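Comments concern the structure below.
Any read-out appearing in this document is the output of simple, stated calculations on the displayed coordinates, not a laboratory observation. It should be emphasised that the depicted structure is a prediction, and the values quoted were computed from it without experimental measurement. Cβ: placed from backbone, ideal geometry, glycine included. Neighbour counts: every protein chain shown.
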Amino acid sequence: MELVGPKKRNLCGTTPSIAFGFGGVIVAAITYFVPWNAQMLQLVFVCLSLPLFGYWGMADESIPWLWEQRRTEEAMGLLEKAAKINGIKLVSFPENFQCDNIPSNNNNDRRPSLASIAPIIKATFLDVFRTPQIRKRIIVMMYAWFATGVLYFGLSFNSVDLFGNPFLTFTITCLAELPAHPITIFLTPKTGHKPMLCVNMLFSGVACVVLAFLSRGK
């Protein structure tokens, strides 16, 4: 997300979720065609997750974290990579730039060092609750993620209790979410994140309340 511009963050943040729906379909297929016991299926799913450890060497480090750790050369390298991806040119210091109060890493270099400009900040988890604006946002997002997780996994896992083949109902449930992702990518820039989140959560909540009063077969 740090390597793309603001206009592409919605696309890059939503697209990986599409793989989650397809992953559920694969889980249903493996469970259906490979009728093993639960322990063996769990072992298979764990083995399928092992290649994800390869991301350790493939994924880029966080630029703000590198900056805070004084690994400025790596941070600048990632900034140049991000600038190349987004088709922009980084602003550099002119050759005659002088700064008497800021030391440089190189005595022959008149440009200031990034490590000397950036202050040392040692933050903790409690810092997110110190300012009213960040505190309000973190509480709202924690509640939103909790409600979304309970609703999503509750409906997904309980779809096997519906009438019919449990493998088929679970597969349909996973496929049903796929159209929501391109719709979200298209509508969010037009409506904004807050209206999109609030309307969808309100609609989902009302649908679940109505569903609770319907008996099976109706």
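The table below gives the values:
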quantity	calculated
Förster radius 25 Å - calculated FRET efficiency between residue 33 and residue 53 (Cβ-Cβ, nearest 0.05)	0.40
Gain in span if fully extended, residue 168 to residue 152, counting 0.36 nm per residue against the direct Cα distance	4.0 nm
Relative packing of 47-54, 58-65, which averages over residues the other C-beta atoms within 10 Å, highest first	58-65, 47-54
Violating pairs (Cα-Cα greater than 24 angstrom) within the set 89/194; 84/190; 7/194; 8/84	89/194; 84/190
C-alpha center-to-center spacing [the range 61-77, the range 148-203] in angstrom	37 Å
In nm, spacing of pseudo-spin labels at residue 41 and residue 19 (7 Å Cα→C-beta vector)	2.3 nm
Label point distance in nm, residue 85-residue 123, each placed 7 Å from Cα along Cα→Cβ	2.0 nm
